[in-house]
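Please read the structure below before turning to the comments.
The values are calculated or read from the model by the stated rules, or taken from the named source; none is laboratory data. From a predicted model like this one, the values you see are computed outputs, not experimental measurements. So basically every Cβ, Gly included, is an ideal-geometry build from the backbone, and we count neighbours across all protein chains shown.
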Amino acid sequence: MIKWTKNPDGTWTFDYTAFDRYVTFATECGLNGQLNCDSMVTWGNNYYYHDGATDDYVTRKLTPGSDEYNALWITFLKDFAKHLKEKGWLERAVIYFNERNPNETMKAVELVHKYAPGLNCALAGNNHNEYYATMRDYCLILPDVAKVPADVRAQRRLRGWITTFYVCCWPYKPNNFTFGPPIENVWMGWYAAAEGLDGFLRWNFIMWNKDPLATTDFGDWPSGDTLFVYPGPRSSIRLERLREGIQDFEKIRILREQCKGEGQAGQKKLVELNKLLEFFQYPNYGTPQEMAETIYKARALLN
(Lines give C-alpha, C1' and ligand atoms only; values in the text may rest on other atoms or scores of the structure.)
Protein backbone atom coordinates (compact mmCIF):
# COMPACT_ATOMS: atom_id res chain seq x y z
CA MET A 1 0.00 0.00 0.00
CA ILE A 2 3.03 2.28 0.16
CA LYS A 3 4.73 2.94 -3.15
CA TRP A 4 8.52 3.04 -2.89
CA THR A 5 10.32 4.95 -5.64
CA LYS A 6 14.08 5.15 -6.06
CA ASN A 7 14.75 8.45 -7.80
CA PRO A 8 17.43 8.89 -10.50
CA ASP A 9 19.63 10.76 -8.01
CA GLY A 10 19.54 7.83 -5.56
CA THR A 11 17.12 9.39 -3.09
CA TRP A 12 13.82 7.76 -2.12
CA THR A 13 10.21 8.87 -2.29
CA PHE A 14 7.43 7.09 -0.41
CA ASP A 15 3.83 7.57 -1.53
CA TYR A 16 1.43 6.97 1.37
CA THR A 17 -1.77 7.84 -0.53
CA ALA A 18 -3.28 4.33 -0.61
CA PHE A 19 -2.10 3.52 2.91
CA ASP A 20 -3.65 6.70 4.34
CA ARG A 21 -6.96 6.12 2.53
CA TYR A 22 -7.16 2.56 3.80
CA VAL A 23 -6.38 3.39 7.43
CA THR A 24 -8.78 6.35 7.39
CA PHE A 25 -11.59 4.26 5.90
CA ALA A 26 -11.01 1.39 8.37
CA THR A 27 -11.02 3.84 11.27
CA GLU A 28 -14.29 5.36 10.10
CA CYS A 29 -15.73 1.81 10.09
CA GLY A 30 -14.80 1.41 13.74
CA LEU A 31 -11.53 -0.48 13.27
CA ASN A 32 -9.54 1.89 15.46
CA GLY A 33 -7.14 -0.55 17.09
CA GLN A 34 -3.69 -1.76 16.17
CA LEU A 35 -2.27 -1.20 12.66
CA ASN A 36 -0.35 -4.31 11.61
CA CYS A 37 2.21 -3.30 8.97
CA ASP A 38 3.53 -6.41 7.24
CA SER A 39 6.35 -7.15 6.53
CA MET A 40 10.03 -6.35 6.86
CA VAL A 41 10.88 -10.03 6.51
CA THR A 42 8.99 -11.49 3.58
CA TRP A 43 8.50 -15.05 2.39
CA GLY A 44 11.57 -15.64 0.23
CA ASN A 45 13.18 -12.33 1.27
CA ASN A 46 12.04 -10.65 -1.94
CA TYR A 47 11.57 -6.86 -1.90
CA TYR A 48 10.42 -4.65 -4.74
CA TYR A 49 10.27 -0.95 -5.54
CA HIS A 50 9.66 1.43 -8.43
CA ASP A 51 12.76 2.59 -10.29
CA GLY A 52 12.23 6.21 -11.21
CA ALA A 53 15.02 6.17 -13.80
CA THR A 54 13.59 3.29 -15.85
CA ASP A 55 9.93 3.46 -14.73
CA ASP A 56 10.08 -0.29 -14.05
CA TYR A 57 9.48 -2.27 -10.88
CA VAL A 58 12.59 -3.90 -9.50
CA THR A 59 12.60 -7.04 -7.33
CA ARG A 60 15.60 -7.75 -5.14
CA LYS A 61 16.37 -10.68 -2.89
CA LEU A 62 17.96 -9.33 0.29
CA THR A 63 18.97 -11.07 3.50
CA PRO A 64 17.88 -9.27 6.69
CA GLY A 65 20.95 -7.86 8.40
CA SER A 66 22.93 -7.39 5.18
CA ASP A 67 24.24 -3.93 4.24
CA GLU A 68 21.88 -3.72 1.26
CA TYR A 69 18.88 -4.73 3.34
CA ASN A 70 19.75 -2.21 6.05
CA ALA A 71 20.25 0.61 3.55
CA LEU A 72 16.84 -0.10 2.02
CA TRP A 73 14.93 -0.25 5.29
CA ILE A 74 16.63 2.40 7.41
CA THR A 75 15.62 5.15 4.99
CA PHE A 76 12.03 3.93 4.91
CA LEU A 77 11.71 3.41 8.68
CA LYS A 78 12.77 6.96 9.42
CA ASP A 79 10.30 8.35 6.91
CA PHE A 80 7.49 5.99 7.94
CA ALA A 81 7.82 6.83 11.65
CA LYS A 82 7.72 10.53 10.79
CA HIS A 83 4.60 10.06 8.66
CA LEU A 84 2.82 7.99 11.32
CA LYS A 85 3.57 10.61 13.95
CA GLU A 86 2.19 13.38 11.74
CA LYS A 87 -1.01 11.37 11.19
CA GLY A 88 -1.35 10.54 14.89
CA TRP A 89 -0.99 6.81 14.21
CA LEU A 90 2.46 6.06 15.64
CA GLU A 91 1.18 4.53 18.88
CA ARG A 92 -1.30 2.34 16.95
CA ALA A 93 1.18 1.00 14.42
CA VAL A 94 3.39 -2.08 14.70
CA ILE A 95 5.77 -3.72 12.26
CA TYR A 96 4.26 -7.21 11.94
CA PHE A 97 6.24 -10.40 11.32
CA ASN A 98 4.60 -13.60 10.13
CA GLU A 99 6.21 -16.99 10.89
CA ARG A 100 9.76 -15.96 10.02
CA ASN A 101 12.86 -17.42 11.67
CA PRO A 102 14.12 -15.55 14.76
CA ASN A 103 17.58 -14.77 13.38
CA GLU A 104 16.23 -12.77 10.46
CA THR A 105 13.36 -11.32 12.46
CA MET A 106 15.57 -9.94 15.22
CA LYS A 107 17.84 -8.27 12.65
CA ALA A 108 14.81 -6.33 11.46
CA VAL A 109 13.60 -5.61 15.01
CA GLU A 110 16.97 -4.02 15.82
CA LEU A 111 16.51 -1.60 12.93
CA VAL A 112 13.00 -0.66 14.08
CA HIS A 113 14.12 0.09 17.63
CA LYS A 114 17.15 2.07 16.50
CA TYR A 115 15.79 4.08 13.59
CA ALA A 116 12.06 4.37 14.33
CA PRO A 117 11.70 5.06 18.08
CA GLY A 118 8.11 4.72 19.23
CA LEU A 119 7.25 2.16 16.55
CA ASN A 120 6.55 -1.25 18.05
CA CYS A 121 6.80 -4.81 16.72
CA ALA A 122 4.43 -7.79 16.65
CA LEU A 123 4.65 -11.39 15.49
CA ALA A 124 2.62 -14.51 14.82
CA GLY A 125 4.69 -17.66 14.98
CA ASN A 126 6.55 -20.11 17.17
CA ASN A 127 7.89 -19.73 20.68
CA HIS A 128 11.31 -18.05 20.94
CA ASN A 129 12.74 -16.35 24.04
CA GLU A 130 13.89 -13.38 21.95
CA TYR A 131 10.29 -12.36 21.36
CA TYR A 132 9.16 -12.10 24.98
CA ALA A 133 10.50 -8.58 25.53
CA THR A 134 10.43 -7.32 21.93
CA MET A 135 6.95 -8.09 20.56
CA ARG A 136 4.18 -5.86 21.89
CA ASP A 137 1.72 -8.26 20.30
CA TYR A 138 2.87 -11.90 20.37
CA CYS A 139 0.59 -14.52 18.82
CA LEU A 140 1.70 -18.11 19.33
CA ILE A 141 0.80 -21.13 17.27
CA LEU A 142 -1.45 -23.26 19.51
CA PRO A 143 1.02 -26.09 20.34
CA ASP A 144 3.63 -23.53 21.51
CA VAL A 145 1.44 -21.68 24.03
CA ALA A 146 2.39 -23.92 26.95
CA LYS A 147 6.09 -23.38 26.21
CA VAL A 148 5.92 -19.74 27.32
CA PRO A 149 6.39 -19.54 31.12
CA ALA A 150 3.40 -18.26 33.07
CA ASP A 151 5.49 -15.51 34.67
CA VAL A 152 6.48 -14.25 31.23
CA ARG A 153 2.84 -13.99 30.22
CA ALA A 154 2.07 -12.18 33.49
CA GLN A 155 4.91 -9.70 32.95
CA ARG A 156 3.71 -8.98 29.43
CA ARG A 157 0.20 -8.32 30.72
CA LEU A 158 1.52 -5.89 33.35
CA ARG A 159 3.19 -3.96 30.53
CA GLY A 160 -0.12 -3.81 28.67
CA TRP A 161 1.22 -6.10 25.93
CA ILE A 162 -0.91 -8.62 24.05
CA THR A 163 -0.38 -12.39 24.05
CA THR A 164 -2.73 -14.52 21.95
CA PHE A 165 -2.76 -17.79 19.99
CA TYR A 166 -3.73 -18.93 16.51
CA VAL A 167 -4.30 -21.98 14.33
CA CYS A 168 -3.74 -22.32 10.58
CA CYS A 169 -3.10 -25.51 8.60
CA TRP A 170 -1.70 -26.82 11.85
CA PRO A 171 -2.55 -28.32 14.26
CA TYR A 172 -5.08 -30.57 12.57
CA LYS A 173 -7.18 -30.61 15.75
CA PRO A 174 -8.63 -28.53 17.27
CA ASN A 175 -9.10 -26.07 14.43
CA ASN A 176 -11.68 -24.17 12.36
CA PHE A 177 -11.89 -26.45 9.34
CA THR A 178 -15.21 -26.94 7.54
CA PHE A 179 -15.11 -30.70 8.16
CA GLY A 180 -14.21 -30.34 11.85
CA PRO A 181 -16.67 -30.63 14.75
CA PRO A 182 -18.20 -27.15 15.30
CA ILE A 183 -17.57 -27.44 19.07
CA GLU A 184 -13.86 -26.93 18.39
CA ASN A 185 -14.63 -23.29 17.55
CA VAL A 186 -16.24 -22.77 20.98
CA TRP A 187 -13.23 -24.39 22.64
CA MET A 188 -10.94 -21.62 21.32
CA GLY A 189 -12.44 -19.05 23.68
CA TRP A 190 -12.26 -21.32 26.72
CA TYR A 191 -8.66 -22.26 26.00
CA ALA A 192 -7.64 -18.61 25.73
CA ALA A 193 -9.23 -17.93 29.12
CA ALA A 194 -7.66 -21.01 30.70
CA GLU A 195 -4.17 -20.00 29.58
CA GLY A 196 -4.55 -16.37 30.64
CA LEU A 197 -4.27 -15.16 27.04
CA ASP A 198 -5.82 -12.03 25.55
CA GLY A 199 -7.63 -13.82 22.76
CA PHE A 200 -7.50 -15.82 19.55
CA LEU A 201 -6.27 -14.75 16.12
CA ARG A 202 -8.11 -15.85 13.00
CA TRP A 203 -5.55 -15.51 10.22
CA ASN A 204 -8.07 -15.09 7.40
CA PHE A 205 -11.78 -14.44 6.96
CA ILE A 206 -12.46 -14.11 3.23
CA MET A 207 -9.73 -15.57 1.05
CA TRP A 208 -12.22 -17.11 -1.34
CA ASN A 209 -11.73 -19.55 -4.18
CA LYS A 210 -13.64 -19.11 -7.47
CA ASP A 211 -16.91 -20.40 -5.99
CA PRO A 212 -16.86 -20.52 -2.17
CA LEU A 213 -20.58 -21.29 -2.05
CA ALA A 214 -19.85 -24.59 -3.79
CA THR A 215 -16.70 -25.61 -1.90
CA THR A 216 -14.38 -24.23 0.78
CA ASP A 217 -11.36 -25.99 -0.70
CA PHE A 218 -8.38 -23.78 -1.51
CA GLY A 219 -5.31 -25.39 -3.09
CA ASP A 220 -3.63 -27.94 -0.84
CA TRP A 221 -4.83 -26.30 2.39
CA PRO A 222 -7.47 -28.02 4.52
CA SER A 223 -11.01 -27.06 3.56
CA GLY A 224 -12.16 -23.91 5.33
CA ASP A 225 -8.70 -22.78 6.40
CA THR A 226 -8.84 -19.65 4.28
CA LEU A 227 -12.37 -18.44 4.95
CA PHE A 228 -14.88 -18.03 7.76
CA VAL A 229 -17.61 -16.05 6.01
CA TYR A 230 -19.14 -16.35 2.55
CA PRO A 231 -20.12 -13.87 -0.18
CA GLY A 232 -23.28 -11.95 0.56
CA PRO A 233 -22.03 -11.60 3.25
CA ARG A 234 -23.14 -14.88 4.82
CA SER A 235 -22.07 -16.19 8.18
CA SER A 236 -21.06 -19.78 8.91
CA ILE A 237 -21.69 -22.34 11.63
CA ARG A 238 -17.99 -22.08 12.45
CA LEU A 239 -18.17 -18.31 12.95
CA GLU A 240 -21.30 -18.49 15.08
CA ARG A 241 -19.77 -21.19 17.29
CA LEU A 242 -16.57 -19.14 17.60
CA ARG A 243 -18.77 -16.22 18.68
CA GLU A 244 -20.09 -18.43 21.50
CA GLY A 245 -16.53 -19.05 22.66
CA ILE A 246 -15.78 -15.32 22.52
CA GLN A 247 -18.85 -14.55 24.63
CA ASP A 248 -17.78 -17.16 27.19
CA PHE A 249 -14.27 -15.71 27.23
CA GLU A 250 -15.62 -12.20 27.86
CA LYS A 251 -17.89 -13.40 30.63
CA ILE A 252 -14.95 -15.11 32.35
CA ARG A 253 -12.89 -11.91 32.01
CA ILE A 254 -15.66 -9.81 33.55
CA LEU A 255 -16.20 -12.27 36.42
CA ARG A 256 -12.48 -12.34 37.17
CA GLU A 257 -12.46 -8.56 37.54
CA GLN A 258 -15.57 -8.61 39.72
CA CYS A 259 -14.17 -11.31 42.01
CA LYS A 260 -11.05 -9.24 42.67
CA GLY A 261 -13.19 -6.55 44.28
CA GLU A 262 -15.32 -8.85 46.44
CA GLY A 263 -12.83 -9.60 49.19
CA GLN A 264 -12.53 -13.11 50.62
CA ALA A 265 -15.79 -14.27 49.04
CA GLY A 266 -14.53 -13.08 45.67
CA GLN A 267 -11.23 -14.89 46.10
CA LYS A 268 -13.12 -18.11 46.80
CA LYS A 269 -15.14 -17.67 43.61
CA LEU A 270 -11.92 -16.93 41.71
CA VAL A 271 -10.36 -20.17 42.91
CA GLU A 272 -13.45 -22.09 41.79
CA LEU A 273 -13.37 -20.36 38.41
CA ASN A 274 -9.71 -21.12 37.84
CA LYS A 275 -10.25 -24.74 38.85
CA LEU A 276 -13.01 -24.94 36.27
CA LEU A 277 -10.60 -23.80 33.56
CA GLU A 278 -8.03 -26.50 34.37
CA PHE A 279 -10.02 -28.88 32.13
CA PHE A 280 -9.14 -26.88 29.03
CA GLN A 281 -5.74 -28.07 27.93
CA TYR A 282 -3.77 -28.81 24.81
CA PRO A 283 -3.12 -31.49 23.62
CA ASN A 284 -5.42 -33.14 26.17
CA TYR A 285 -8.66 -31.73 24.77
CA GLY A 286 -10.47 -35.07 24.38
CA THR A 287 -12.89 -36.30 21.75
CA PRO A 288 -15.47 -33.89 20.26
CA GLN A 289 -18.10 -35.37 22.57
CA GLU A 290 -15.86 -34.95 25.62
CA MET A 291 -15.00 -31.43 24.54
CA ALA A 292 -18.68 -30.54 24.24
CA GLU A 293 -19.56 -32.08 27.61
CA THR A 294 -16.72 -30.21 29.30
CA ILE A 295 -17.79 -26.89 27.78
CA TYR A 296 -21.48 -27.27 28.63
CA LYS A 297 -20.77 -28.34 32.22
CA ALA A 298 -18.35 -25.44 32.64
CA ARG A 299 -20.84 -22.98 31.13
CA ALA A 300 -23.56 -24.16 33.51
CA LEU A 301 -21.30 -23.49 36.49
CA LEU A 302 -20.24 -20.17 34.97
CA ASN A 303 -23.88 -19.06 34.70
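Numbers below:
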| quantity | calculated |
| --- | --- |
| Near pairs, Cβ below 7 angstrom, 6+ apart or cross-chain, from segment 28-43 (under 16 Å from R92 (Cα atoms)) to any residue that is among the small types (G, A, S) | L35/A93; N36/A122; C37/A93 |
| Wholly enclosed strands (runs of 3 or more DSSP E) of segment 18-86 bearing at least 1 residues modelled with pLDDT of 95 or more and charged (D, E, K, R) | 46-51, 56-61 |
| Counted residues, segment 98-133 - those being farther than 15 Å from Y69 by Cβ and either aliphatic (A, V, I, L, M) or touching a Cys at 6+ places or on another chain (Cβ under 6 Å) (or both) | 6 |
| Extreme residue, farthest from L201 (Cα to Cα), among residues of segment 98-142 that are among the polar types (S, T, N, Q) and touching a Leu at 6+ places or on another chain (Cβ under 8 Å) | T105 |
| Segment 102-139, residues that are among the small types (G, A, S), touching a residue at least 12 places away in the same chain (Cβ under 8 Å) and assigned to a loop (DSSP other than H, G, I, E, B) | A116, G118 |
| Residue within segment 112-119 that is modelled with pLDDT under 95, closer than 18 Å to I74 by Cβ and not small (G, A, S) present | yes |
| Residue tally, condition exposed (fewer than 15 other Cβ atoms within 10 Å of the Cβ), among the acidic types (D, E) and at pLDDT 95 or above, over segment 224-273 | 2 |
| Selection status of N204, without any contact (Cβ under 8 Å) to a residue 60 or more places away in the chain, within 22 Å of the chain's Cα centre (by Cα) and surrounded by fewer than 17 Cβ atoms within 10 Å (Cβ to Cβ) | yes |
| Candidate set from segment 280-293 (those that are in contact (Cβ under 8 Å) with a residue 40 or more places away in the chain and more than 27 Å from T216 (Cα to Cα)); member that is surrounded by the most Cβ atoms within 10 Å (Cβ to Cβ) | F280 |
